[in-house]
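Inspection log for the structure reproduced underneath, given as structure tokens.
The values are calculated or read from the model by the stated rules, or taken from the named source; none is laboratory data. Values in this document were obtained by computation on a predicted structure and should not be read as measured data. Glycine also receives a Cβ, built like all others from the backbone with ideal geometry; neighbour counts cover every protein chain displayed.
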Amino acid sequence: MKISFYGAAREVTGSCFCVETGDRRILIDCGLQQGGHNGFGQAFPFHPGEIDYVVITHAHIDHSGRLPLLVKHGFKGSIFATEPTCKLLDIMLRDSAHIQELEALWASRKKRRAGDPATEPLYTMEDALRVFPLLVPCSYGDTIEIDESVSFAFTDAGHLLGSAYVEMWLTENDPAKGILKRKIVFSGDIGTPGHPMIRNPGFIDEADVVVMESTYGDRNHEHSFDTVTELAKVIENTLVKGGNVVCPSFAIGRTQDILYHIREIKERGLVPSVPDFLVYLDSPLAKAATKLYSEELADYHNEETLALIESGIQPLAFDGLRIIETSEDSKRLNDDRTPKVIISSSGMCDAGRIRHHLKHNLWRPECAVVFTGFQALGTLGRIIVDGIESSVSLFGEEIAVRCQIHNFRSMSSHADREELLNWINHYKKKPDCVFVVHGEDQTCKNFALRLIEQDFKAIAPKYTSIYDLETFEPFFEGKELLQRSDRERLERRDSPVFQRLMFAGMRLVEVISRNKGGANKDLAKFADQIDSLSNKWDR
Ligand SMILES: [Zn+2]
Ligand SMILES: [Zn+2]
């Protein structure tokens, strides 16, 4: 029985883990890499056709965005997720496929002008559409027995509508060792209490092994920070000066949080100088998600929000909210000089319409950009938040950063350090091993050390590492992630075909490690074949 770490290992995005028991291989999450990623692109270091099932913790793109790629490369099994997650995935993956196709089209135009061959999209709408029939919607709390060796259940993680921890029970019948049973919990993203609309995160009592996130494993949120009042102040000060407030935001989750707060700001009259200010929601995906939140998924809200609805208040609706549909209307927004609030995606500014809003507002000192979510290393959002660069490159133009930059960490839907420690200490008996993932390199390592101080066995696994789920010894130690400068060099230098070759090499190392303990005759034959292949290509 073993576990492999194929993403979010010493980084925040690209969540993807694989457990193996007997001849079953189950993938937990299949997220897109965002920002600088690990230098090996989005390709999988395993064969998607060999995966039997996938379980998805929640709909965010860094946990689900490579599902169409998985299907494109031969995965045919079932994909289990909570009912709200399945509904959100339907809009999320269509949107992601659309972005992939558009980006490939743009890149191809550029390349054609340079006489180079066209760029293939990572995946197409057709690939995304092939995901949906494989989705199996599940209810929170139900134990689902996939087969005799695997069963699992979802518990509310309080991070996004539909978000869940996965409790998984594995059984392996090894002729040599007998029956081995393990319970493993995947935290997905752990929410924070008191978040708008979302129920408070739950706890789990028992596990042999826990794979837990650590996004904010090195800091605590400022709980005394009054988000509504502070956001109102930024809006008032900016609009009075004639500037725009630009909010880069995840279309699903964070956008609805901002709308929820702005409704309250308007209701309480917290922007007295411009009480009727206009708010533009410029993201077709955010529009679709907001509709789902307000209609089909309304039952999943927390009690406070249900009470609002009961009293006749629509939590995400208010006067002055305008929805932008087409990209032409989105661009036209830049010509309109009326001060306004613009909410657009992507949340980390690495794609989408937000990029042209940044181009038209970053250089204006009277404007403000409000970040409300975690900005992964290597993303444009991170570069702006860190404030190191005085200008950024957008659409081939250098744009000066002169506007006000605000980072509202209090709006995070991730648990902070104390809440993470509280969560892991809630287990009745300490788990035998905690794998710390979904945090930046240093954060994962530090959080693991903090757990070790508290007498846990904790490991911050590396990308592509493989561990035995009985002894917690590594079969394969994995790759050190590349530094950003190395990554950029690698990405510039290596063609996609070369990257694929690198992956094939990494897979070979993995296959070698899997054969440890095999018959001498087989191992010798394998070694001979590798030698002969190497001799052929060593030039
Ligand atoms: Zn998330
Ligand atoms: Zn995440």
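Determine whether the range 305-317 contains at least one residue that is in a loop (DSSP other than H, G, I, E, B), more than 21 Å from the chain's Cα centre (by Cα) and closer than 25 Å to Phe374 by Cα.
Yes: one or more hits.
Hey, among Leu89, Leu134, Leu170, which residue is farther than 23 Å from Glu296 by Cβ, in contact with a Ser or Thr (Cβ under 8 Å, 6 or more places away or on another chain) and at pLDDT 95 or above? Write out each step before concluding.
On the way: Leu89 fails: farther than 23 Å from Glu296 by Cβ; Leu134 fails: farther than 23 Å from Glu296 by Cβ.
Going through Leu89, Leu134, Leu170 in turn, the sole match is Leu170.
Scan the range 262-280 for residues that are among the aromatic types (Phe, Trp, Tyr) and part of a strand (DSSP E or B) and report the count.
Counting residues in the range 262-280 that are among the aromatic types (Phe, Trp, Tyr) and part of a strand (DSSP E or B) gives 1.
When the residues of the range 15-58 are narrowed to those that are out of contact with any Cys (no Cβ under 9 Å at 6 or more places or on another chain) and at positive phi, which ends up modelled with the lowest pLDDT?
His37
Mind checking which pairs have a first residue in the range 380-391 that is under 14 Å from Ile354 (Cβ atoms) and a second that is loosely packed, with under 12 Cβ neighbours inside 10 Å and at pLDDT 90 or above, Cβ under 6 Å, 6 or more apart or different chains?
Once the first residue is under 14 Å from Ile354 (Cβ atoms) and sits in the range 380-391, no partner that is loosely packed, with under 12 Cβ neighbours inside 10 Å and at pLDDT 90 or above comes close enough.
What are the residues in the range 202-214 that are more than 17 Å from Asp432 (Cα to Cα) and either among the basic types (Lys, Arg) or surrounded by fewer than 23 Cβ atoms within 10 Å (Cβ to Cβ) (or both), if any?
Scanning the range 202-214 gives Gly202, Phe203.
Exactly one of (1) within 16 Å of ligand 2 (Cβ to nearest atom); (2) of a type in the set (A, V, I, L, M); (3) out of contact with any helix residue (DSSP H, G or I) (no Cβ under 8 Å at 6 or more places or on another chain) is unmet by Ile252. Its number?
In the conditions (1) within 16 Å of ligand 2 (Cβ to nearest atom); (2) of a type in the set (A, V, I, L, M); (3) out of contact with any helix residue (DSSP H, G or I) (no Cβ under 8 Å at 6 or more places or on another chain), Ile252 misses (3) alone.
Somewhere in the range 146-155, is a residue within 16 Å of ligand 1 (Cβ to nearest atom) and either part of a strand (DSSP E or B) or modelled with pLDDT of 95 or more (or both)?
Scanning the range 146-155 turns up at least one residue that is within 16 Å of ligand 1 (Cβ to nearest atom) and either part of a strand (DSSP E or B) or modelled with pLDDT of 95 or more (or both).
Take Leu105 and decide whether it is more than 16 Å from ligand 1 (Cβ to nearest atom), assigned to a loop (DSSP other than H, G, I, E, B) and not β-branched (Val, Ile, Thr).
Judged against the criteria, Leu105 is not a match.
Which one of Ser214, Ser273, Ser283 is at pLDDT 95 or above, among the hydroxyl-bearing types (Ser, Thr, Tyr) and touching a Ser or Thr at 6+ places or on another chain (Cβ under 7 Å)?
Ser214
Kindly evaluate Gly188 against the criterion of being assigned to a loop (DSSP other than H, G, I, E, B) and away from ligand 1 (no atom under 16 Å from the Cβ).
So Gly188 does not fit the description; no.
Is it true that some residue in the range 281-295 is surrounded by fewer than 17 Cβ atoms within 10 Å (Cβ to Cβ) and assigned to a loop (DSSP other than H, G, I, E, B)?
Yes, that holds for at least one residue.
Is there any pair linking a residue in the range 73-96 that is within 22 Å of Gln42 (Cβ to Cβ) to one that is surrounded by 20 or more Cβ atoms within 10 Å (Cβ to Cβ) and among the aromatic types (Phe, Trp, Tyr), with Cβ under 6 Å and at least six apart or on different chains, and which?
Listed pairs, sorted by first residue: Gly77/Tyr53.
If only one of Asn200, Asn173 is more than 16 Å from ligand 2 (Cβ to nearest atom) and assigned to a loop (DSSP other than H, G, I, E, B), which one is it?
It is Asn200.
For the range 222-265, give me each residue that is modelled with pLDDT under 95, away from ligand 1 (no atom under 16 Å from the Cβ) and either crowded, with 21+ Cβ neighbours inside 10 Å or not polar (S, T, N, Q) (or both).
The answer is Glu222, His223, Phe225, Asp226.
Restricting attention to the range 144-168, which residues are without any contact (Cβ under 8 Å) to a residue 24 or more places away in the chain and farther than 27 Å from Asp416 by Cβ?
Glu145, Glu148, Ser151
Picking from Leu93, Leu122, Leu89, Leu70, which residue would you name as being buried (at least 16 other Cβ atoms within 10 Å of the Cβ), outside any helix (DSSP H, G or I) and not polar (S, T, N, Q)?
Leu122
Residues of the range 512-523 being surrounded by 10 or more Cβ atoms within 10 Å (Cβ to Cβ) and part of a helix (DSSP H, G or I), which ones?
Selection gives Ile512, Ser513, Arg514, Asp522, Leu523.
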